[in-house]
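Data first, discussion second: the structure below is written as structure tokens.
The values are calculated or read from the model by the stated rules, or taken from the named source; none is laboratory data. Please read all numbers here as calculations on a predicted model, not as lab measurements. Glycine gets a Cβ as well: all are built from the backbone with ideal geometry, and neighbour counts include every protein chain shown.
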Amino acid sequence: MQRRVVVTGASSGIGAATVRRFAERGWETVAVARRVDRLEALAAETGAQPIACDVTDEVQVARLAAEVAASGGATGLVNNAGGAWGTESVEHASNDDWRRMFEVNVIGLRSVTSALLPVLRDGARRSGSASILNVTSTAGHSAYPGGGGYNAAKFAAHAVTSVLRLELGGEPIRVMELAPGLVHTEEFTLNRLRGDAEAARKPYADVTPLQAEEVASVLVGAFEQPPHVNQDLIVLRPVAQTSVFHTHRGPLIAKGE
Ligand SMILES: NC(=O)c1ccc[n+]([C@@H]2O[C@H](COP(=O)([O-])OP(=O)(O)OC[C@H]3O[C@@H](n4cnc5c(N)ncnc54)[C@H](OP(=O)(O)O)[C@@H]3O)[C@@H](O)[C@H]2O)c1
């Protein structure tokens, strides 16, 4: 069976770069998101099959799984759709923002995984193995002030990934997690800061952040390891960011003479 991977959140940022990278490496790809125009442009560029789907809508997710099964099946799934909304404290946050973050980062991930597992099992029976990778965040491993709902959602996504790996034990399906630190994508911080473009530039000032293409390269590399190799957790940060609390601004200089 041809290597075929479903990537959610493929209309921008890390997801779009991941589809491009898989396509460059000879994989068949299925690109999933809500904005069809962007998916169609990506499809024209990469040959991906575009499927419009809101991962928080169970009816649409069931339709996604049926379309993937009918169009060639899958041996891989990247749960990348996600995002952050707001930086308010736990005390002052909005429950609507928190619900939105849980819906897409946690429930959507579970829902897509559940719907596609029979398709991935079928792929594994035909090709020998299948892979699932969830894109979480370093925010899913370290809490920080103002991280609130995003921290909680990504910690949950990390937990779900660990549970799933245990539950699929004994099957030829590896379950991986990629937790990026600071990545410069067009929309992520803009969404988090509610469209404030000036504030959204600040996290990337005087630092070399990761680019979506760099995250995609590591992600696809994990899929291309021999099928018995499971990279449980990949934490990927720019060198200048040594923790969620420590980002060096300015040039990196070796100490000494
Ligand atoms: N950028 C960073 O610094 C960073 C760091 C660590 C982790 N991450 C994580 O990496 C992933 C990708 O981030 P990014 O920076 O590439 O962000 P992005 O450019 O904002 O991309 C988010 C993607 O998710 C899709 N999406 C959002 N809600 C959806 C829904 N309900 N149904 C289907 N698709 C949905 C969006 O597409 P549509 O709007 O078209 O649906 C978009 O393609 C996210 O899970 C994010 O939390 C990002």
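Kindly indicate which of Gly72, Gly146 is touching a residue at least 12 places away in the same chain (Cβ under 8 Å) and closer than 24 Å to Ala16 by Cβ.
Details: Gly146 fails: closer than 24 Å to Ala16 by Cβ.
The match here is Gly72.
Among residues of segment 73-126 being hydroxyl-bearing (Ser, Thr, Tyr) and crowded, with 17+ Cβ neighbours inside 10 Å, the one that is nearest to Leu164 (Cα to Cα) is Thr113.
When you scan segment 145-257 for strands (runs of 3 or more DSSP E) that lie fully inside it, which ones turn up with 3 or more residues that are of a type in the set (A, V, I, L, M)? Steps first, answer last, please.
On the way: elements: 173-180, 233-236, 241-243.
The strands (runs of 3 or more DSSP E) meeting that bar are 173-180, 233-236.
In segment 236-257, the residues that are surrounded by 15 or more Cβ atoms within 10 Å (Cβ to Cβ) never reach a residue that is of a type in the set (Asp, Glu) with C-beta atoms less than 6 angstrom apart, at least six apart or across chains.
Looking only at segment 205-231, residues that are surrounded by fewer than 12 Cβ atoms within 10 Å (Cβ to Cβ) and more than 15 Å from the ligand (Cβ to nearest atom) come to 4 in all. When the residues of segment 107-139 are filtered to those that are polar (S, T, N, Q) and within 16 Å of the ligand (Cβ to nearest atom), the one that is farthest from Arg4 (Cα to Cα) is Thr138.
For every residue, the table says whether it meets (1) buried (at least 22 other Cβ atoms within 10 Å of the Cβ); (2) at pLDDT below 95.
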position	(1), (2)
Gly148	yes, yes
Leu166	no, no
Pro172	no, no
Val175	yes, no
Pro180	yes, no
His184	no, no
